[in-house]
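K.L.:
This is the structure I want to talk about, given as structure tokens.
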Amino acid sequence: MTLALLLLLAAAGPKFEATDARDKKPSGVTIEAGAPDENGWMDLKITGKPKTQPVLVWPYDGKAKLPDGPGGITTIVIERGDLKALTNPRVVAALLAAELLGKPVDAGLHVSSAPLQKADDYFAKGVGLLYDKKVAEAAEPLSRALRERERLLTRIPSDIYPTAVLAGRALLGAARYNEAAVAFLKALNHRPDDPDATSGRAEALILAGKAEAAKQLLEKP
């Protein structure tokens, strides 16, 4: 997809599927996307006339890319300091994932992994385990979460990319190096210049006995 086409599609306006701490559509909130960069990623911002202080907690870094399919981009917007968010596994997983990925979201809340300990959702479960430093145990649920996101009719890059990075980290911790390298490659497919995915894949390749492939990756212009 060329940059010109991306600009045209972004100008038409991507669709968003927004929910709040109660899994309902947030009142008075509109999400707008800026112009895409060379890889198609757009900065998101909250507009409209919300009555409170809305915080975008997903995508974790406020960036999204046009999805591969007819659906909208998954977003979560909560009110700053809304304690109800602490009982919603989807919101808690989003906030903890942001911390794990080095982009913590200031939602005015003290978040723990407790609501994720019995989560049915693979992503939420895996994030909770990874946050609790149970890295090897997080490998399977995060790998499943990644497969789920890749099999959807509408594949959403802002859901797939972070899941791939977290799955890669967990798979490394489980000594599943070839699988980790593949997970990081899936992240790089969406963000080719991402340093976390690059270094993660290089480490996985080295540990898998593929030092030459790691060297080529790190020397890539």
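The values are calculated or read from the model by the stated rules, or taken from the named source; none is laboratory data. This structure is a prediction, so every number in the text was calculated from the model and none was measured. With ideal geometry, Cβ positions are generated from the backbone for all residues, glycine too; neighbour counts draw on all protein chains shown.
K.L.:
Based on what the data block shows, is Ala164 closer than 20 Å to Asp37 by Cβ, in contact with a helix residue (DSSP H, G or I) (Cβ under 6 Å, 6 or more places away or on another chain) and free of Cβ contacts under 8 Å to residues at least 40 places away in the same chain?
P.N.:
Here the answer is yes, as Ala164 does meet what is asked.
K.L.:
Could you run through region 24-58 and say how many residues are modelled with pLDDT of 90 or more and either touching a His at 6+ places or on another chain (Cβ under 7 Å) or small (Gly, Ala, Ser) (or both)?
P.N.:
So the count comes out to 4.
K.L.:
So, of the residues in region 135-163 that are in a helix (DSSP H, G or I) and β-branched (Val, Ile, Thr), which turns out to be surrounded by the fewest Cβ atoms within 10 Å (Cβ to Cβ)? Before you say what the answer is, go through the steps one by one.
P.N.:
First pass over region 135-163, keeping only residues in a helix (DSSP H, G or I): 135-151, 157-163.
Narrowing the set further to residues that are β-branched (Val, Ile, Thr) leaves 135, 160, 163.
Values: Val135: 16, Ile160: 23, Thr163: 27.
In this case the residue turns out to be Val135.
K.L.:
Turning to a different aspect of this structure: It is to be established whether one or more residues within region 172-195 are over 13 Å from the mean Cα position of the chain (by Cα), β-branched (Val, Ile, Thr) and over 22 Å from Ser112 (Cβ atoms).
P.N.:
Yes, there is a match, as at least one residue in region 172-195 is over 13 Å from the mean Cα position of the chain (by Cα), β-branched (Val, Ile, Thr) and over 22 Å from Ser112 (Cβ atoms).
K.L.:
Hey, can you tell me all the residues within region 164-221 that are outside any helix (DSSP H, G or I), basic (Lys, Arg) and surrounded by fewer than 17 Cβ atoms within 10 Å (Cβ to Cβ)?
P.N.:
Lys220
K.L.:
Identify the single condition in (1) within 13 Å of the chain's Cα centre (by Cα); (2) β-branched (Val, Ile, Thr); (3) closer than 25 Å to Pro36 by Cα that Thr154 does not satisfy, given that it satisfies every other one.
P.N.:
Exception for Thr154: condition (1).
K.L.:
Let me ask something else about it. Could you grab me the full set of residues in region 56-72 that are out of contact with any Ser or Thr (no Cβ under 7 Å at 6 or more places or on another chain) and either of a type in the set (Ser, Thr, Tyr) or within 12 Å of Leu44 (Cβ to Cβ) (or both)?
P.N.:
Answer for region 56-72, where residues must be out of contact with any Ser or Thr (no Cβ under 7 Å at 6 or more places or on another chain) and either of a type in the set (Ser, Thr, Tyr) or within 12 Å of Leu44 (Cβ to Cβ) (or both): Val57, Tyr60, Asp61, Gly62.
K.L.:
Could you check region 37-76 and list, in sequence order, the residues that are of a type in the set (A, V, I, L, M, F, W, C) and part of a loop (DSSP other than H, G, I, E, B)? Explain how you work it out, then say what you get.
P.N.:
Let us first name the residues in region 37-76 that are of a type in the set (A, V, I, L, M, F, W, C), namely 41-42, 44, 46, 55-58, 64, 66, 73, 76.
Leu66, the sole residue that qualifies.
For every residue, the table says whether it meets (1) aromatic (Phe, Trp, Tyr); (2) in a strand (DSSP E or B); (3) in contact with a helix residue (DSSP H, G or I) (Cβ under 8 Å, 6 or more places away or on another chain).
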site: Thr30; (1), (2), (3): no, yes, no
site: Ile78; (1), (2), (3): no, yes, yes
site: Leu96; (1), (2), (3): no, no, yes
site: Leu109; (1), (2), (3): no, no, yes
